[in-house]
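Below: the structure, in structure tokens.
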Amino acid sequence: MIKTSEIISWHTPQWQQIAQFLGQDRFPHALLFEGIKGVGKRHFAFQLAQMLLCQGEPTESGICQSCSSCEWFLSGTHPDFVVLEPDEGKKLISVDSIRQNSQKVFKTSHQNGYRVLILEPADAMTIEAANSLLKTLEEPPPSTLLILLTDKPARLLPTIRSRASRLKFTLPKAEQAITWLKGQGHDLETAERMLALSLGAPMRLQGDAEDINQVLLESKQWWKDWKAMLSRQMNPVTVAKECAKAEPSLFLNWLETLFRALIENAAQAENSPKLSSVANYEVLFPGINQLIQQFSLPSLFRMRDNVVELSQRQQSSLNWGLQLEAFACDCYAST
Ligand SMILES: [Zn+2]
């Protein structure tokens, strides 16, 4: 098994489940990792794959990091390990892709050991692709492992879900997440702001330290503008124009966080059943409490749904600026 010091603290229950599988001597052929984006499913899948592929002397850590198998793995060239994702610029995983890759991994083992295929996101498979995968799952070759990763398990075929052993990944406690972020080299203030912007899932924000600092910096300006707009001190068209300059997915992530924070605050003020808070949003949106009397909870829920819709449309549309403007005007009109 993996050394405790190498395990991400909130993954301990999942590693215990893996230890149990190994102890039963009947390791599943397919695992389904469920959990929202950013809780570390991919990280876990890679650690598990490397552990199974490692051919070094059994050590305490389960991964030697120095055998040829580990070297290939770390350089991304292991012949018995494939990560299958949608093709560049596409959203779906096609049947051809499933056929080619499952042949490649499952037909021959180069090292006479495990063969591992990771599929992410598993819900991106077309129906034909899923049916083709089912055939592999019905008669799995020995020493093979398929790891399916998804944050939308309901979109998978029930027949696939029922053939895989499920591991559920949940949000870490805020202290665990902050400790982890600090371990990645961020100071406390940055870690707290990152966690808020990640909706409690610390690996949700992608990019290097420079990108992240840039987002945190830009988000200060976004908040200044949106706060002014929602207080009717700034015109929504101007605000939308400014925000349309940002990278859309980063801005949408921020917007989703803003509405989550407004909903949590408003629910608290209305004495509705308290939503469990996953992060301290005040660090990202100072003074947010003063805004909430302007909104009713239902209108906030409606706007949050509109953000989700905006995210979905943004990927398929060219007039992003206009859509953002329409959304900002709607929010302005709801105050
Ligand atoms: Zn090794």
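Filter region 2-51 down to residues that are within 16 Å of the ligand (Cβ to nearest atom), more than 24 Å from residue 137 (Cα to Cα) and either surrounded by fewer than 17 Cβ atoms within 10 Å (Cβ to Cβ) or modelled with pLDDT of 95 or more (or both), then give me how many there are. First the steps, then the outcome.
Of all residues in region 2-51, those within 16 Å of the ligand (Cβ to nearest atom) come to 2-3, 6, 46-51.
Those still in the list that are more than 24 Å from residue 137 (Cα to Cα) too: 2-3, 6.
Pick out the ones that are also either surrounded by fewer than 17 Cβ atoms within 10 Å (Cβ to Cβ) or modelled with pLDDT of 95 or more (or both) and you get 3, 6.
Of the residues in region 2-51, 2 are within 16 Å of the ligand (Cβ to nearest atom), more than 24 Å from residue 137 (Cα to Cα) and either surrounded by fewer than 17 Cβ atoms within 10 Å (Cβ to Cβ) or modelled with pLDDT of 95 or more (or both).
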Tell me, please, whether a residue that is assigned to a helix (DSSP H, G or I) and either more than 17 Å from residue 151 (Cα to Cα) or touching a His at 6+ places or on another chain (Cβ under 8 Å) (or both) can be found in region 53-61. yes
In this structure, does residue 129 turn out to be more than 11 Å from the ligand (Cβ to nearest atom) and closer than 23 Å to residue 168 by Cα? no
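Within region 56-69, can you find the residues that are modelled with pLDDT under 90 and at negative phi? Full working, then the answer.
Let us first name the residues in region 56-69 that are modelled with pLDDT under 90, namely 56-66.
The answer is 56, 57, 58, 59, 60, 61, 63, 64, 66.
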Residue 92 fails exactly one of the following numbered conditions: (1) out of contact with any Pro (no Cβ under 9 Å at 6 or more places or on another chain); (2) exposed (fewer than 14 other Cβ atoms within 10 Å of the Cβ). What is the number of that condition? (1)
So in region 295-335, with the set limited to residues that are of a type outside the set (S, T, N, Q) and touching a Leu at 6+ places or on another chain (Cβ under 6 Å), which one is nearest to residue 248 (Cα to Cα)? 307
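Looking only at region 139-161, which residues are over 23 Å from the mean Cα position of the chain (by Cα) and free of Cβ contacts under 8 Å to residues at least 24 places away in the same chain? Working first, answer last.
Our first condition is that a residue be over 23 Å from the mean Cα position of the chain (by Cα); within region 139-161, this holds for 139-144, 159.
Within region 139-161, 139, 142 qualify.
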Condition first: of a type in the set (Gly, Ala, Ser) and not in a loop (DSSP other than H, G, I, E, B). Now tell me which residues in region 282-306 satisfy that. 299
Give me the residue from region 114-138 that is among the β-branched types (Val, Ile, Thr) and surrounded by 17 or more Cβ atoms within 10 Å (Cβ to Cβ) and, out of that set, nearest to the chain's Cα centre (by Cα). 118
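The values are calculated or read from the model by the stated rules, or taken from the named source; none is laboratory data. Because the structure is a prediction, the values reported are computed rather than measured. Counting neighbours? That spans all protein chains shown, and the Cβs are built from the backbone with ideal geometry, glycine included.
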